[in-house]
Amino acid sequence: MSNARDTRSETSSSRIYETLRKDLVRGRFTAGEKLAINALKERYQVGLSPLREALNKLAAYGLLVQENQRGFSVPGLSQEELEDIARLRLELEGMAFERALERGDAQWEAELLAAAHRLKRADKSEDKGDTWEQLHTQFHRTLVAPCGSVWLIRFIEQLHDQFDRYRRLGPNPPRIRQTLDDQHQALVELALRRDVGAARALMDDHVRKSFDVALAHYQKHT
């Protein structure tokens with residue numbers, strides 16, 4: 001009986017962790033907002049134990065701030081932090097992409113083409129909502145998947161979540177959106193050709209253009 005309860009609690013904790021993580025990245029909570037435990041229990045229909053476990057994990061992950069005896073709050077936003085996140089993305093994501101190009105096999109090429117195709121179809125939609133965001137995340141994960149370092153991928157995914165808190169403050173201008181969409185396809189073409197130098201340069205430019213968009217969104221909200 002105890003094992004069954006533990007399993008249910010772990011499953012509930014994992015579910016609420018993932019749901020809250022997505023909501024925090026989407027901006028469903030305001031930067032600096034204090035989270036009321038009872039309100040969260042009601043909103044997500046979850047028990048206290050799995051909720052607290054999920055909140056503690058999100059604090060360790062960096063998407064929440066844990067305050068001694070005062071509960072949890074949403075981290076603030078700052079230009080300095082955004083610049084730091086972008087710098088680390090340039091370094092770590094660029095490194096992982098170079099390694100992926102050196103290590104990727106035929107199976108990775110097939111998965112990359114499939115991820116790019118799904119994203120390209122979503123690019124044609126007027127709605128750049130959750131479905132597009134999921135496909136966009138999957139595409140970037142696939143780009144670096146064979147880099148050979150689990151920790152490197154973890155760090156990159158964490159940086160993406162932090163970066164997206166800024167990027168998703170508002171919609172991208174159509175012209176910039178089209179440029180970024182076009183770069184996704186170009187990254188695939190360079191990856192398949194194993195053109196490491198050109199691929200790394202384009203990845204860097206892609207991150208910088210995304211940073212410009214995220215910075216503009218942040219400045220409009222301050």
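Just so it is clear, none of the values below were taken in a lab; they were calculated from the coordinates. As the structure is a computational prediction, the values presented were derived from the model and not from experiment.
Worth pointing out:
- Between Gln107, Gln79, Gln69, the Gaussian network model of the chain with springs among Cα atoms under 10 angstrom shows the greatest mean-square fluctuation at Gln69.
- Flagged links, alpha-carbon separation over 30 Å, of Lys41/Lys120; Lys22/Lys120; Lys22/Lys124; Lys124/Lys209; Lys22/Lys209: Lys41/Lys120
- Taking 0.36 nm per residue of sequence separation and removing the Cα-Cα distance, the Ala216/Lys41 pair yields an extension gain of 59.5 nm.
- Listed values [x] 18.9, 58; [y] 17.9, 52; [z] 17.1, 50, entry calculated as Rg and Dmax of the Cα atoms in Å: [x]
- The mean sequence separation of alpha-carbon pairs under 8 Å and at least six residues apart, normalised by the residue count of the chain, gives a relative contact order of 24 percent.
- Contour excess over end-to-end distance, with Cα ends at Tyr61 and Thr30 and 0.36 nm allotted per residue: 9.4 nm
- CD proxy at 222 nm, helix term only [per DSSP H run n ≥ 4: -39500 (n - 2.57); per residue of the chain; nearest 500]: -26000 deg cm²/dmol
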